[in-house]
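Trainee: I am attaching a structure below and will ask some questions about it afterwards.
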Amino acid sequence: MNISQIKEIVLTGTPEQVQSAVGNRKEVTQIQMKALSETKLLREDGLFVEEDNMGQATWYYIWKKTNVTGPNDWTRLNLGSQFYWNKGSYNAEGEHSLYNEYGMDL
């Protein structure tokens, strides 16, 4: 999946569709999520990809503003999230070289 396809899903998909797409590390890489978190194109549509580096892993949270009635009066709707381990690497199947999904050594 390329970045424009991911953007399209985030812009038009339901929360379930967004989570299904970004939850698949085989299709969506950390480099792509980082690029989305740094782009302003999604923000123009009220969509946000926040990066939270927690040391051992980095989380990406995708959300949008809803019920906007003013600059500081809106509701946050979570669309999806995914994390990536910071050490090691992922193969083409989305499997990590050092840890399983729960952080246990392989």
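The values are calculated or read from the model by the stated rules, or taken from the named source; none is laboratory data. Since the model is a prediction, treat every value here as computed from it, not as a measurement. With ideal geometry, Cβ positions are generated from the backbone for all residues, glycine too; neighbour counts draw on all protein chains shown.
Trainee: Quick one: is Gln56 closer than 16 Å to Ala21 by Cβ, under 18 Å from the mean Cα position of the chain (by Cα) and among the polar types (S, T, N, Q)?
Mentor: Details: closer than 16 Å to Ala21 by Cβ: no; under 18 Å from the mean Cα position of the chain (by Cα): yes; among the polar types (S, T, N, Q): yes.
Spelling it out, it is not the case that Gln56 is closer than 16 Å to Ala21 by Cβ, under 18 Å from the mean Cα position of the chain (by Cα) and among the polar types (S, T, N, Q).
Trainee: May I ask you to say which residue of Glu44, Glu27, Glu16, Glu50 is under 20 Å from Ser89 (Cβ atoms) and either out of contact with any Phe, Trp or Tyr (no Cβ under 7 Å at 6 or more places or on another chain) or at pLDDT 90 or above (or both)? Give the derivation first.
Mentor: Details: Glu44 fails: under 20 Å from Ser89 (Cβ atoms); Glu16 fails: under 20 Å from Ser89 (Cβ atoms); Glu50 fails: under 20 Å from Ser89 (Cβ atoms).
Testing whether each residue is under 20 Å from Ser89 (Cβ atoms) and either out of contact with any Phe, Trp or Tyr (no Cβ under 7 Å at 6 or more places or on another chain) or at pLDDT 90 or above (or both) leaves just Glu27.
Trainee: When you scan the stretch 61-69, do you find a residue that is under 19 Å from Gly103 (Cα atoms), at pLDDT 90 or above and over 10 Å from the mean Cα position of the chain (by Cα), even just one?
Mentor: no
Trainee: Could you check the stretch 14-25 and list, in sequence order, the residues that are without any contact (Cβ under 8 Å) to a residue 12 or more places away in the chain and either aliphatic (A, V, I, L, M) or assigned to a loop (DSSP other than H, G, I, E, B) (or both)?
Mentor: Passing the criteria: only Thr14.
Trainee: If I ask for residues that are over 18 Å from Lys40 (Cα atoms), among the hydrophobic types (A, V, I, L, M, F, W, C) and free of Cβ contacts under 8 Å to residues at least 60 places away in the same chain, which ones from the stretch 60-104 would you list?
Mentor: Correct list: Val68, Trp74, Phe83, Trp85, Leu98, Met104.
Trainee: Would you confirm whether or not the stretch 27-43 contains a residue that is among the charged types (D, E, K, R) and touching a residue at least 40 places away in the same chain (Cβ under 8 Å)?
Mentor: Keep residues of the stretch 27-43 that are among the charged types (D, E, K, R), which gives 27, 34, 38, 40, 43.
With touching a residue at least 40 places away in the same chain (Cβ under 8 Å) added as a condition, the list becomes 27.
Checked the stretch 27-43: at least one residue is among the charged types (D, E, K, R) and touching a residue at least 40 places away in the same chain (Cβ under 8 Å).
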